[in-house]
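Taking it in order: structure first as structure tokens, then the write-up.
The values are calculated or read from the model by the stated rules, or taken from the named source; none is laboratory data. None of the values given here were measured: they were computed from a predicted structure. Using ideal geometry, Cβ is built from the backbone for each residue, glycine included, and neighbour counts are taken over all protein chains shown. All accessible areas refer to the heavy atoms of the entire protein, side chains included, with ligands and DNA or RNA removed. Shrake-Rupley method; radii C 1.70, N 1.55, O 1.52, S 1.80 Å.
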Amino acid sequence: MKKLEPVSSRRGFLKGLLSAGVAGTIGGLPSGLLVPQKAQAGTFDPDAYQIFRNACPRNCYDTCSIKTYVKDGVVQFVEGAPESTFTKGALCVKGYTYPRRLYSPDRVKYPMIQDKRGSGNWRRISWEEAMDIISDKILDIKKRDGSLLGLGLTKYSGNFGITNYGVEGMMSSLGYTTRFVGTPCWPAGIDAQNYDLGDMWCNDPEDMVKAKYIIIWGANPAWCSMHTMKYIYEAKSRGAKVVVIDPILTQTAAKADEYWQIKIGTDGALALGMARHLLDLGLVDNDFVTNHAVGFEEFADYLRENITVEWASEICGIPAENIKALTEEFAKAKPAAVWIGYGMQRHTNGGAMVRAIDAFVAMSGNIGVEGGGARYGHLRTWGFNYHAMIQKQPEGSVGFVGATGPKGEFDFAGESTAAYSDRAYNINKTAQEILDSKDPELKMLWISCKNPFAQDFDRNKLEKAFDKLEFVVSVEQFFTETVRHSDIVLPVTTLFEEWTVNASYWHYWLSLNEQAVKPMHEAKCNIEIAALLSKAMNAKEPGSCTFPQEIDAKEWMIKEFNQGIYDLFGINSWEDLRNGPRKAKLPSSASWNTREFMTPSKKYEFKSELCEQNGFNALPKYVEVRKPDAPFKLLTPHVQFALHSQFVNIDWMENFYPEPFVYIHPEAAKEKGIKDLDTVRVFNKIGEVVVRAKLTDNVLKDCAVMYEAWFRKLTFNVQNVVDDCAADMGAMKTGAPGVALHDQFVDIVRV
Ligand SMILES: Nc1nc2c(c(=O)[nH]1)N[C@H]1C(S)=C(S)[C@@H](COP(=O)(O)OP(=O)(O)OC[C@H]3O[C@@H](n4cnc5c(=O)[nH]c(N)nc54)[C@H](O)[C@@H]3O)O[C@H]1N2
Ligand SMILES: Nc1nc2c(c(=O)[nH]1)N[C@H]1C(S)=C(S)[C@@H](COP(=O)(O)OP(=O)(O)OC[C@H]3O[C@@H](n4cnc5c(=O)[nH]c(N)nc54)[C@H](O)[C@@H]3O)O[C@H]1N2
Ligand SMILES: [Mo]
């Protein structure tokens, strides 16, 4: 194993800790954090440690490459891999807490069964007993229904390690089941970019240093992709201007040259106003719109006939002269980039807004350009074998008739051509789908890498839906609210205890995840759990499960690699990744650099017939957002100290972030008689949250902000007031439309 260079790596480690401390807006550094044992100046001896390669498997832009230091079989500390120019020796504030997660006394340690769901009367059972009970239940459903459609899987982004797609494989190996498909994350924007460009494919974020102008549009990288910030700072130091467009004055906005506080859900109007002004200025890239695009003339006619800067200004709240000035600056600064955030598209008009922004960037001539681009995400480095995922149904399996298999965000298995398929339910309407389920009813739910009670929508409805289920199995690390609503919980490994491989949907690095320590307690990884279930199933009914009954998790990780991956990353074997993460060999840092698009016309489509066929406007026209039905518009975005429901339950993180708040504007608070730190009730027709208020003019007057997170000692849950209203787009590529989780409305009163 490669030894680290003592000085630089230690500096990287401490630098990360310090930046974490500086970034922390609440509380100070926990005592003892700054001076890890054996890492004090002058005494650090890298030879005293075994070094392992890990990767943060959370659903995050940064997907950090981690270097793990183990001594006496115990993880001592972690740092960002110095070999990756993206991670560059640093982790985010959450990443440094990983050893506390591994060794947390709160972990689910053994398989356990709960007397009655919600009772809290948990009893330890053996893995054999757990699998005995679970396999009995599965066989019972098959006997009663004649199929396994009564068995459902909900899985999302708790762990994006490639081998974890073995959970989907486990379900296929049992038969045709019900799958919750789609994603709450980014689907409207994915479809929008597919209509416009034929795929979602962003530039290498590291090339942002070349941009002369950067608009960060509805993204908050200072919290959600902190490693990208260094490229933004570098671009700035080379003279680029950075503009942030967000209804909240975020930490990213605080670092920008200009901040525009836009009204929620009005970005489409703004982008179209900018497009109109570009047209008026005569600064359209004629070569691009004539030779590499279709439908531009019709789009230009739409702009001339329907859009003015003043109209846009009226709708979005940004002064017309600012819109004009920015448009001109952007058009003249070449290259210029827009980062289209996922937060911005979680609206009923989210896909339409992304299409309008794409169109503006395209006509300014910044698509296919290094340092430019309408950057959203990519899946270009995800071409693994999906060996764990692609499993055969047992002979004679009966399933859903007449449809193709469920699509999902990472649906690499292709469409099923069999007579039967799985039954697809919309993951963004989990509660409603369970309540509506019939022929056969959903009876049993397997939950893995997913925390529905923290992350799915309309929590009170979900409560009712779970009451309808006969049996719930959660595969988890912690006793979450979802586990509380389960019959059985199975302990799953953390990143340090398993083998897998991780790619990013933003940068182009690939990281190996080695088993650094033996699993704690009785934890097993997701594919080992599948093998155990197969053993139990086959013992009772031979042939009832095709998943191998014995697996070697490391061998299964190796089986995910192929020559395509080796070539892309310039490696001969997966073992090369033991020396550190590798970056894809890109012909250019610019996506679409050959300007061969993947749309039906093979050109950029200002006018998309496919989009029209799917029920939307062919042109990127203005679409109004959901109308409010309560005084405050509610945003529940992502917080610095959590990754969704993960991390805030870890002791170190609790010191940074002990309490959630609702943030409201001082004038709105005054009208409601609310003072700073008063306890308030945030409520609407589906539920309420009781929380303390913080007054800040960082938010709009008609807006309330609560950051989503799970606190182990608090009942705080934003999903009490977030309903399951759909976003416009997403169904084409991800199997279900997105969710308009930022089109929510509440009232607030003092209690
Ligand atoms: N109100 C509101 N709701 C939102 C959002 C929002 O902004 N506001 N954001 C949405 C978005 S963008 C997303 S991506 C989703 C995220 O929703 P989820 O994917 O559900 O989010 P997480 O909380 O990251 O992970 C779920 C669980 O996976 C568990 N886990 C971790 N590792 C493993 C493992 O190896 N195996 C197994 N079996 N479990 C593991 C964790 O302990 C955690 O409880 O939430 C969505 N919901
Ligand atoms: N620390 C941390 N990092 C994370 C995550 C996390 O939970 N915590 N989650 C990861 C995941 S799964 C995802 S999807 C990404 C999300 O990454 P981002 O897209 O950066 O984050 P969000 O918080 O979802 O939303 C970004 C911003 O969108 C703004 N927004 C909402 N509505 C509108 C609108 O109508 N117009 C405009 N212009 N802006 C709007 C919000 O105010 C918010 O500041 O981050 C990833 N990284
Ligand atoms: Mo997400």
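Restricting attention to segment 435-460, the residues being within 16 Å of ligand 3 (Cβ to nearest atom) and aliphatic (A, V, I, L, M) number 1.
Of all the residues in segment 224-255, those that are within 21 Å of the chain's Cα centre (by Cα), of a type in the set (A, V, I, L, M, F, W, C) and over 15 Å from residue 344 (Cβ atoms) number 2. The set of residues in segment 165-185 that are among the β-branched types (Val, Ile, Thr) and more than 16 Å from ligand 2 (Cβ to nearest atom) comprises 167, 177, 178, 181.
For segment 333-343, taking the residues that are open to solvent by 10 Å² or more (accessible area, probe 1.4 Å) and in contact with a strand residue (DSSP E or B) (Cβ under 9 Å, 6 or more places away or on another chain), the one that is nearest to ligand 1 (Cβ to nearest atom) is identified as 343. The C-beta contact set for segment 333-344 (first residue over 23 Å from residue 738 (Cβ atoms), second residue surrounded by 24 or more Cβ atoms within 10 Å (Cβ to Cβ) and hydrophobic (A, V, I, L, M, F, W, C), distance under 7 angstrom, 6+ apart or interchain) comprises 335/211; 335/369; 336/211; 336/330; 337/208; 337/211; 337/214.
Residue-by-condition table, conditions (1) within 15 Å of ligand 2 (Cβ to nearest atom); (2) in a strand (DSSP E or B); (3) surrounded by fewer than 20 Cβ atoms within 10 Å (Cβ to Cβ):
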| site | (1), (2), (3) |
| --- | --- |
| 649 | yes, no, no |
| 662 | yes, yes, no |
| 675 | no, no, yes |
| 704 | yes, yes, no |
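The residues listed here are 694, 685, 701, 675; of these, the one that is without any contact (Cβ under 8 Å) to a residue 60 or more places away in the chain and over 26 Å from residue 254 (Cβ atoms) is 685. How many residues does segment 577-602 contain that are more than 30 Å from residue 54 (Cβ to Cβ), hydrophobic (A, V, I, L, M, F, W, C) and touching a strand residue (DSSP E or B) at 6+ places or on another chain (Cβ under 6 Å)? Total meeting the criteria: 1.
When residue 359 is tested against (1) of a type in the set (Gly, Ala, Ser); (2) assigned to a helix (DSSP H, G or I); (3) surrounded by fewer than 24 Cβ atoms within 10 Å (Cβ to Cβ); (4) touching a residue at least 12 places away in the same chain (Cβ under 8 Å), only condition (3) is not met. Annotation note: of 314, 310, 329, 370, the sole residue that is in the same structural domain as residue 215 (by TED's automatic domain parsing) and assigned to a loop (DSSP other than H, G, I, E, B) is 370.
Selection of segment 165-181 for residues being part of a helix (DSSP H, G or I) and within 15 Å of ligand 1 (Cβ to nearest atom) yields 165, 166, 167, 168, 169, 170, 171. Restricting attention to segment 182-200 and to residues that are outside any helix (DSSP H, G or I) and in contact with a helix residue (DSSP H, G or I) (Cβ under 8 Å, 6 or more places away or on another chain), the residue that is farthest from ligand 3 (Cβ to nearest atom) turns out to be 199. When 587, 628, 581 are screened for being in contact (Cβ under 8 Å) with a residue 12 or more places away in the chain, open to solvent by 60 Å² or more (accessible area, probe 1.4 Å) and not basic (Lys, Arg), only 628 passes. Taking the conditions (1) farther than 23 Å from residue 584 by Cα; (2) hydroxyl-bearing (Ser, Thr, Tyr); (3) open to solvent by 10 Å² or more (accessible area, probe 1.4 Å) in turn, residue 231 satisfies each one other than (1). Just one of the numbered conditions (1) near ligand 2 (Cβ under 10 Å from one of its atoms); (2) outside any strand (DSSP E or B); (3) more than 28 Å from residue 611 (Cβ to Cβ); (4) of a type in the set (A, V, I, L, M) is not true of residue 262: (3).
Restricting attention to segment 115-130, does a residue exist that is in contact (Cβ under 8 Å) with a residue 40 or more places away in the chain, within 16 Å of ligand 3 (Cβ to nearest atom) and surrounded by fewer than 24 Cβ atoms within 10 Å (Cβ to Cβ)? Within segment 115-130 (the criterion being in contact (Cβ under 8 Å) with a residue 40 or more places away in the chain, within 16 Å of ligand 3 (Cβ to nearest atom) and surrounded by fewer than 24 Cβ atoms within 10 Å (Cβ to Cβ)), the answer is no, since none of the residues qualifies.
Which residue pairs have Cβ atoms closer than 8 Å, lie 6 or more positions apart in sequence or on different chains, and pair a first residue in segment 261-282 that is aliphatic (A, V, I, L, M) with a second residue that is part of a helix (DSSP H, G or I) and open to solvent by 30 Å² or more (accessible area, probe 1.4 Å)? That search, which allows pairs on different chains as well, returns 269/311; 269/315; 270/315; 279/304; 281/328.
If I filter segment 265-274 for residues that are open to solvent by 50 Å² or more (accessible area, probe 1.4 Å) and either in a loop (DSSP other than H, G, I, E, B) or within 16 Å of ligand 1 (Cβ to nearest atom) (or both), do I get at least one hit? No, segment 265-274 contains no residue that is open to solvent by 50 Å² or more (accessible area, probe 1.4 Å) and either in a loop (DSSP other than H, G, I, E, B) or within 16 Å of ligand 1 (Cβ to nearest atom) (or both).
Look at (1) open to solvent by 30 Å² or more (accessible area, probe 1.4 Å); (2) closer than 30 Å to residue 611 by Cα and you find that residue 744 fails only one, number (1).
Screening residue 79 with (1) charged (D, E, K, R); (2) part of a loop (DSSP other than H, G, I, E, B); (3) more than 16 Å from ligand 2 (Cβ to nearest atom); (4) within 21 Å of residue 654 (Cα to Cα) gives one miss only, at (2). Across segment 131-164, the qualifying residues are those that are in a helix (DSSP H, G or I) and open to solvent by less than 10 Å² (accessible area, probe 1.4 Å), and the one among them that is nearest to ligand 2 (Cβ to nearest atom) is 164. Within segment 631-641, take every residue that is open to solvent by less than 20 Å² (accessible area, probe 1.4 Å) and more than 8 Å from ligand 1 (Cβ to nearest atom) and give me the one that is nearest to residue 222 (Cα to Cα). Top of the filtered list is 640. Could you check segment 710-751 and list, in sequence order, the residues that are assigned to a strand (DSSP E or B), more than 19 Å from the chain's Cα centre (by Cα) and within 16 Å of ligand 2 (Cβ to nearest atom)? Matches in segment 710-751: 744, 745, 746. The residues of segment 205-221 that are away from ligand 1 (no atom under 16 Å from the Cβ) and either more than 23 Å from residue 65 (Cβ to Cβ) or open to solvent by 10 Å² or more (accessible area, probe 1.4 Å) (or both), listed by number, are 206, 209, 210, 211, 212, 213, 214, 215, 216, 217.
When restricted to residues that are surrounded by fewer than 20 Cβ atoms within 10 Å (Cβ to Cβ), in a loop (DSSP other than H, G, I, E, B) and of a type in the set (A, V, I, L, M), segment 590-625 contains 2. For segment 239-247, the criterion of being surrounded by fewer than 24 Cβ atoms within 10 Å (Cβ to Cβ) and part of a helix (DSSP H, G or I) is met by none of the residues.
Taken across segment 493-516, residues that are open to solvent by 10 Å² or more (accessible area, probe 1.4 Å), closer than 30 Å to residue 589 by Cβ, in contact (Cβ under 8 Å) with a residue 40 or more places away in the chain and away from ligand 3 (no atom under 16 Å from the Cβ) do occur, with at least one present.
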